[in-house]
Amino acid sequence: MDEAKQIADWERELLEPSGRAPSERRRRRVLAWFTAGAIVFALVVVGGPWLYFHIQGAAPKQLTLPVGPGGTTGPVNGTWKVSSPSEVQYRVQEILFNQHHTAVGTTSKVTGSMTIVGATVTSAQFKVDMGSVESDQAGRNVTFDDEIMDTSTYPNAYFTLTQPIDLTQVPVPGQVVSVVAQGNLTLRGKSRAVSFPLEAERDGAGIDVNGSLTIHFGTWGIPNPSFAIAQVGDTGTIDLLLHLVEPSS
């Protein structure tokens, strides 16, 4: 007897009068079968995504300034170049069957420089190798490189400062300065004006710059990778932590 016919017989015996009460044993078997089905459904719909996200582990922490008391005194005139350790991340919220997780991709392949005259940042240009961005999931990396960012066609992202940043005065060692960098951000071949909130501090012989910018994917023509059971919002964040040194350092 196949499974579907057996279930139908059980349901008929329970629901249709037959002149005698169904056996307690059969009633329990039917109840157990439906209970087991409900449990399996709950495990797949709820427990599956929970287990998946917890196997991945916690998302990497957001990039922040390594604030400390150290630093050097004196002027900061000159051109400061990106050096190690520097990182850029994307952070996107993923939802799978109402289970939330932060997807994070990171790269250290960042280049560029900024020029300071007196207490003013007069120019800055930075480039990120988008093909080197990696998360903790190979499948997500393939989707990021292909459908989302098309890194074979658009291998790099860029930020170019379009307005000078007035620091008012040269910060003392250990002092954190908050500024907004007005510039053009280029992603997937499209350049858009942005206001990038940043914090900076002098760190030994270098300068550390940290910031986080929320972007709307559609503004840059970035496809949303959502599908039937997994959803991604319309926005994500770009986080950066840059360490800059003078060429002679």
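Here residue 144 meets the list (1) within 17 Å of the chain's Cα centre (by Cα); (2) under 28 Å from residue 206 (Cα atoms) almost entirely, failing just condition (2).
Taking the stretch 120-163 as the range and being in contact with a Leu (Cβ under 9 Å, 6 or more places away or on another chain) and farther than 29 Å from residue 78 by Cα as the test, the residues that pass are 149, 154. Put simply, of 208, 239, 146 the only residue that is in the same structural domain as residue 120 (by TED's automatic domain parsing) and not in a strand (DSSP E or B) is 146.
Taking residues in the stretch 79-97 that are more than 25 Å from residue 245 (Cβ to Cβ), and partners anywhere that are of a type in the set (Asp, Glu) and surrounded by 17 or more Cβ atoms within 10 Å (Cβ to Cβ), the pairs with Cβ atoms closer than 7 Å and at least 6 places apart or on different chains are 91/239.
The values are calculated or read from the model by the stated rules, or taken from the named source; none is laboratory data. From a predicted model like this one, the values you see are computed outputs, not experimental measurements. Every residue, glycine among them, receives a Cβ derived from its backbone with ideal geometry; neighbour counts consider all protein chains shown.
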